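Worksheet for the structure shown next.
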Amino acid sequence: MSAGKVDATGGGEAALPRLLRFDGPLEQEQDLLGAASVIYDCWRRGERVLAVAPDASTRLTDCLDRLGFSRESVSVVAEAPTANPDRADAEPRRLRVALLGCGAVGGGVLELLRARPDQFELAPVLVRNLAASRGPGLFTATVEEALAPRPDILIELMGGADGPADLMRSALLDGIQVVTANKAAVARHWDSLHACASRGGGELRYSAAVGGGVPIIETVRRCRNLAKIEGVMNGTCNFILGLMGKGRGFDSALAKAQAMGFAEADPSGDVDGHDAADKLAILIREAFGIALAPDRIARQSLREITPATIAAAAARGEVLKQVASCRHYGNGSLDASVQIVALPAEHPLAAPQREENCFLLTDGAGTVTRVFGKGAGRWPTALAVFADVMDAQRALLGRAEPRAATDPLRLTA
Ligand SMILES: NC(=O)c1ccc[n+]([C@@H]2O[C@H](COP(=O)([O-])OP(=O)(O)OC[C@H]3O[C@@H](n4cnc5c(N)ncnc54)[C@H](OP(=O)(O)O)[C@@H]3O)[C@@H](O)[C@H]2O)c1
């Protein structure tokens, strides 16, 4: 796979979009995803992007639409102002990468890494089951083999909380760049992970842990004086509530979600609100620097919702959503909860469908920033993970990272 040659210019000034040029027909899905990963890396910094794809503008536009990129933030054209060939990326040093987990997200990240053999050298990928289709040499069920030789970047995509946190702590203590999408591990082991990073010199990145492909963590970091965060943060619950709104009972909607791969065999993490509480705890850390353990966040379970509750809401013109929210008070105190709430159909948080996420960030002056997009799924999440990998790559190779825009990111699907 090749994303074509990329020339990158602009992007430093708020008024100027970053110009990215993709040569070649981008005929394969892999080529399109490679281009999307480069665009996402800029988009999540709040930069507007002008993508020039002389031979593939329609295909690239369709691909970005499928992935939920905002047309306000990313434009694709066939021709553009002259790109500056002097700014083309130089050949980087190859970095050793350990990938732990090759499921829904890890499988996508593996493809993105394999597409750049000039940049990344992969150790055998850690999985639980070494099936026949996963040849020895490429995969392993042994942690030691996945981590040898010592990686420059460790990517953790296994799921769980305590085991992955142990592996990440060791890596961070050893000065390794760590990337994860694991909200449970980050939320529950925040202090020890960050302590190991500062002690050992490693760096921890977890953009995809909240919002999947929605760059909500980056947006929260850019916002000043935040007072309130609320959002539809769990795609599985949103999917189940959507089906219940069409007349299914909870058990039937859950079974459908499991059959479609949205819900785990043990769905309690999603339906009982633990997943949303983990995500909210991470956003609270990012926005307010407050340590609130996820299990101290009040949670309402989806199991409490009956078809009668849904019908009553519909009769009032309302829809039910699982909303995680927190309000920060001037005196340092904070309210936080995960609840099933009835919202007027025109409310911004009523909009997300299926696995979509939506976040509303309100500052002290009452200004609301809305961030919306695909909260889960292989490619939106893999692109977010890979953008963290590119940040780690830049950190290791000593390149200046592109300056983040000062304006808050405003994304719409
Ligand atoms: N799926 C999403 O849309 C999404 C979105 C945002 C964040 N995340 C987060 O991303 C992470 C990965 O999610 P996923 O959906 O990709 O999970 P998944 O599909 O269940 O894949 C997990 C992978 O890790 C391997 N694995 C699990 N436990 C292991 C162990 N003890 N030893 C060795 N290998 C092990 C599995 O091996 P086998 O293949 O052999 O079973 C599998 O390859 C999770 O932390 C999740 O919360 C996921």
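Rolling a 1.4 Å probe over the heavy atoms of the protein chains gives the chain an accessible area of 42 Å² per residue. Summing charges over all other residues whose Cβ lies under 12 Å from the Cβ of Leu138, with Lys and Arg as +1 and Asp and Glu as -1, gives +1.
Between helix 104-114 and the chain there is an angle of about 10 degrees, using the helix long axis and the longest principal axis of the Cα atoms.
Can you check what the net charge comes to around Glu264, using other residues whose Cβ is under 13 Å from the Cβ of Glu264 (Lys, Arg +1; Asp, Glu -1)? Don't skip to the answer; put the middle values down first.
Values: positive: none; negative: Asp266, Asp270, Asp272, Asp275.
That works out to -4.
Tell me, what does the Kirkwood hydrodynamic radius of the range 95-206 come to in angstroms if you use every pair of distinct C-alpha atoms?
Working: mean 1/r = 0.0719 Å⁻¹.
By the Kirkwood definition, the hydrodynamic radius is 13.9 Å.
Ellipsoid semi-axes for the chain, based on the Cα gyration tensor and the rule √(5λ), read 33, 26, 22 Å when sorted largest first.
Quotient of the Cα radius of gyration of the range 202-253 and 2.2 N^0.38 Å, N being its number of residues: 1.60. Net charge near Gly242, counting Lys/Arg +1 and Asp/Glu -1 over other residues with Cβ under 11 Å of its Cβ? Within the 11 Å Cβ shell, the charges total +3. Taking a point 7 Å out from the Cα of Ser192 in the direction of its Cβ, the residues of the range 281-299 whose backbone N falls within less than 18 Å of it are 282, 291-296.
Below 13 Å, Cα to Cα, which aspartates and glutamates can Lys256 reach? Residues fewer than 8 away in the same chain don't count. Partners found: Glu264.
How big, in percent, is the set of alpha carbon pairs in the range 216-376 lying more than 20 Å apart?
Details: 6189 of 12880 pairs.
Value for the range 216-376: 48 percent of Cα pairs lie more than 20 Å apart.
Within the accessible area of the range 235-355, the carbon and sulfur atoms contribute 49%, probe 1.4 Å, all protein chains present. All C-alpha to C-alpha distances of the range 246-328, sorted into 5 Å bins beginning at zero, yield P(r) values of 3, 13, 20, 19, 17, 14, 10, 4, 0 percent in whole numbers.
The values are calculated or read from the model by the stated rules, or taken from the named source; none is laboratory data. Computed from a predicted model, the values in this text were never measured in an experiment. Here Cβ is always computed from backbone atoms with ideal geometry, including for glycine, and neighbour counts include all displayed protein chains. Just the protein is used for accessible areas: all its heavy atoms, side chains included, with ligands, DNA and RNA removed. Shrake-Rupley method; radii C 1.70, N 1.55, O 1.52, S 1.80 Å.
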